[in-house]
Amino acid sequence: MSTPLILPELVAVDVDAADANAVIDILAQRLAEAGRVTDAAVFATDVRAREAKTSTGMPGGIGLPHAKSEAVLAPSLAVAKVPAGVDFGAPDGPATLVFLIAAPAAGEGDHLKILAALARKLVHADFKDSLRAAPDGAAVAAIVNEAVSL
Amino acid sequence: MKFVAVTSCPTGIAHTYMAAEALEQAGKAAGHEVTVETQGSAGTDAIDDAAIAAADGVIYAADLEVKGRERFAGKPFVDVGVKRGVHEAAKVIEEAVAAVERGVPAGSAAAAPAAGGPATKVDANASVGTKIRQWLMTGVSYMIPFVAAGGILIALAFMLANVAWGGAEGAIEVTAVDQAAVWADFDWGNLQHYAVALLGVGGLAFGFLVPVLSGFIAYGIADRPGLVPGFVGGAASVAVGAGFLGGLVTGFLAGFVALWISRWKVAKGVRGIMPVVVIPLLSSLIVGFLTLVVIGTPIAALMRGLESWLGGLGGNQLVLLGLILGAMMGFDLGGPVNKVAYTFAVTGLATTGLTADAAQYKIMAAVMASGMVAPLAMALATTVRKRLFTEAERENGKAAWLLGASFISEGAIPFAAADPLRVILASLVGSSVTGALSMAFGVTLVAPHGGVWVLPLIGNPIGFLISIIAGVLVAALIVVVLKEIRYNKINAAQQAPQHTAVTTA
């Protein structure tokens, strides 16, 4: 895999955001700056459209917004740590850890398999705990890339 | 317990896989084995059939339509949606366990096919009358290819014989040849020998008709245990001259005898040899014995009666028979009534020692010709009166030309479904016309199927085509006239309220 799923600069720690939309915008902007999506606004709109179908809050303080979008150049993951929490509609309260998954509209099998592996990992408590404990972007990126390496 | 699960979600990126993982983990934690098929954007990793067969229950954690749902038919299931699969996987597993303990939900027990066996046309939930028809059709559907292979070979043998012997007498000469002598000393340059060979192979294929019919009726009833007594009973029926009628009886007899024996409660040691020794031995003995010494003879007498009745039918009576069979063919387009007429014709072909212009061959021709009418008539109607039909119907109409020409009456079903009264009335009348005309022209057919593609095998092909064209014109005319009347009514009705709207405005 030439492009890793996540880079240190795609991780935002200590984010202070009013709501889920703000977090999505921040992460979409990071993806655009890293050259993973062509247009942050277009991608954020696609994510919100998906979020409108069913909310993506997971038990254990996880928000998992995601979209397949024309704006996406390479399958990517952006992560935000939001200590105060934002509501992603999970039944057990706001999310403090937000993963934004960007998938290209016309995906190839391998890329999508990596995202599938990531989704499976997110179910495991120890994976989530290690991410929460990670001090900085580089550590988060390393944990994720390690977990999904094929 | 063992479960299979299907997960899917709208984007197919996150929830599909999270639910899969959550269900697998929750299952493991509770001591169950969960095999998940993720139907996501990375494609579908299909669960193999063995895992499905071994599963006690099914979990659908899917927000999209489950692909290949029929694979899981007949198993207890829970349908929870993908979100609960992610959030409450442990609870979902508990519910699935409860579902398995409750057993198979009512109404979903059907269609669980015996893994790996030949298909039947039997629906376990159907009514008794429907089941009898389905058992019968299972037998008939396996017999038809034998009829086709044997019938066409025999027809080719007759055609070749006429050339080889240089005249119309060839078809008779070829049946008088001692086949064993030809096999022993085959003359590679002698056309007559080839005709005899075609006749020989075709005759062998025909020899299987009644046993296959009987065997697969029994298979439809009793599954695999029915096959052996069914085949043996069919062969016994042939041996005593009870023909296909006897074969129908032995098929049902064998099916129920095999079903009965296979339900015996036996000692564990015997259970292993039940399917390979006990059931085939006892059921064949019972069915074969009864057929040979008890039921065979009266049925044979009945068969001779039927054959001499058919053979003795005069021209007018045959035309009436053609009219009735045609009406039956056109009435429900591949449904039960149609199949009764068709089965009557096809099983007639299995009669041994028919002459080239036997009533059975005329019946087959009348049935096939009339079965071609409805789709051809609809095709014609959609071509000449486009505005009376929807876009979809006009598209169907194009396909109906080919379906009709190939004797697939079902080609008219889309039209009948949309407008049953008018279409069936037209089909009924048109098909009757064709059936009667085919009989009047004395058209004969030795093949059970094929439409215009078996035209070379048809006796009096011109008469065959004229009969069909006449029926098609009649049916198309009726359907167009009836639809015109309705069309005009609808138009009038649509204009009327508009008119009042204007005046009140």
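General observations
- Accessible-area composition of region A:8-148, carbon plus sulfur, in percent [1.4 Å probe]: 52
- Relative packing of peptides B:451-458, B:367-374, A:65-72 - highest average C-beta neighbours within 10 Å first: B:367-374, A:65-72, B:451-458
- Using θ = phi - 60° in the Karplus curve 6.51 cos²θ - 1.76 cosθ + 1.60, the 3J(HN,Hα) couplings for region B:33-41 round to 9, 10, 9, 10, 9, 8, 9, x, 6 Hz; x is entered for Gly and Pro.
- In nm, spacing of pseudo-spin labels at B:Arg387 and A:Val42 (7 Å Cα→C-beta vector): 4.7
- Drop in accessible area of at least 20 Å² in the complex versus isolated chain, residues of region B:52-99, 1.4 Å probe: B:Lys83, B:His87
- Rg over Rh [alpha-carbon atoms, Kirkwood Rh] for region B:128-311: 1.10
- B:Asn491 versus B:Leu191: modelled label distance in nm, points set 7 Å from Cα along the beta carbon direction: 6.0
- Averaging the Cα positions of each part gives two centres, and for region A:52-100 and region B:208-281 these lie 63 Å apart.
- Placed amide H near A:Ala67: partners under 5 Å, 5+ positions off or other chain: A:Ile101, A:Ala103
- Once the Cα gyration tensor of region A:8-148 is diagonalised, semi-axes √(5λ) in Å: 20, 17, 15
- Heavy-atom accessible area per residue - region A:28-138, 1.4 Å, Å²: 38
- Burial annotation for region B:11-40: residues with an accessible-area loss of at least 50 Å² between the isolated chain and the complete set of protein chains, computed on heavy atoms with a 1.4 Å probe, are B:Thr11, B:Ile13, B:His15, B:Tyr17, B:Met18, B:Glu21.
- Backbone phi angles across region B:378-394, fed through the Karplus curve with coefficients 6.51, -1.76 and 1.60 (θ = phi - 60°), yield HN-Hα couplings of 5, 4, 5, 4, 5, 6, 8, 10, 4, 5, 7, 10, 6, 4, 4, 5, 5 Hz in residue order; Gly and Pro are listed as x.
- Under-5 Å amide H pairs with A:Val11, H placed in peptide plane, nonlocal only: A:Val79
- Measuring max minus min along each principal axis, the C-alpha atoms of the protein assembly as shown give extents of 100, 89, 57 Å (largest first).
- If R0 is taken as 25 Å, the Cβ-Cβ distance between B:Leu465 and B:Ala356 corresponds to a FRET efficiency of 0.80.
- Between B and A, buried accessible area from a 1.4 angstrom probe totals roughly 1900 Å², ignoring ligands, DNA and RNA.
- Of the peptides B:459-466, B:74-81, B:174-181, B:18-25, the order by per-residue mean of other Cβ atoms within 10 Å, starting with the highest, comes out as B:18-25, B:74-81, B:459-466, B:174-181.
- Label positions at A:Ala106 and B:Ala46, each projected 7 Å from the Cα along the C-beta direction, are separated by 2.7 nm.
- The protein assembly as shown - mean residue ellipticity at 222 nm from DSSP helices (-39,500 (n - 2.57) per run, n ≥ 4, rounded to 500): -19500 deg cm²/dmol
- You can think of it this way: the chain between B:Leu281 and B:Leu64 has 73.1 nm of extra reach, that is 0.36 nm per residue less the Cα-Cα gap.
- Hull volume per residue, based on the alpha-carbon atoms of chain B and their convex hull, is 232 Å³.
- Note on B:Val163 and B:Leu302: the extension gain reaches 46.2 nm, defined as 0.36 nm multiplied by sequence separation minus the Cα-Cα distance.
- DSSP finds beta bridges in the protein assembly as shown, and of those with both partners inside it, around 35 percent are antiparallel.
- Of B:Phe464, B:Ala359, B:Val446, farthest towards positive along the dipole that unit charges on Lys, Arg, Asp, Glu beta carbons give region B:357-505: B:Phe464
- Cross-link pairs exceeding 26 Å in C-alpha to C-alpha distance, out of B:Lys67/B:Lys131; B:Lys362/B:Lys386; A:Lys68/B:Lys75; A:Lys128/B:Lys67; B:Lys28/B:Lys83; B:Lys131/B:Lys398, comprise B:Lys67/B:Lys131; B:Lys362/B:Lys386; A:Lys68/B:Lys75; A:Lys128/B:Lys67; B:Lys131/B:Lys398.
- The charge dipole of chain B, taken about its Cα centre with unit charges on the Cβ atoms of Lys, Arg (+1), Asp and Glu (-1) only, comes to about 1120 debye.
- Sites A:His124 and A:Val13 - FRET efficiency at Förster radius 22 Å, r taken between beta-carbons, to 0.05: 0.55
- Summarising the amide proton neighbourhood of B:Ala30: residues at separation of 5 or more, or on other chains, whose placed amide H is nearer than 5 Å comprise an empty set.
- For chain B, the fraction of 1.4 Å probe accessible surface lying on carbon and sulfur atoms is 67 percent.
- Karplus-derived 3J(HN,Hα) values for region A:122-138, using 6.51 cos²θ - 1.76 cosθ + 1.60 with θ = phi - 60°, are 5, 6, 7, 4, 5, 5, 5, 4, 5, 5, 4, 6, 5, x, 9, x, 4 Hz; glycine and proline are entered as x.
The values are calculated or read from the model by the stated rules, or taken from the named source; none is laboratory data. Since this is a predicted model, take the numbers as computed values, not measurements. Quick reminder, even Gly has a Cβ in these numbers, built from the backbone with ideal geometry, and neighbours come from all protein chains shown. Accessible surface areas use protein heavy atoms only, side chains included; no ligands, DNA or RNA. Shrake-Rupley method; radii C 1.70, N 1.55, O 1.52, S 1.80 Å.
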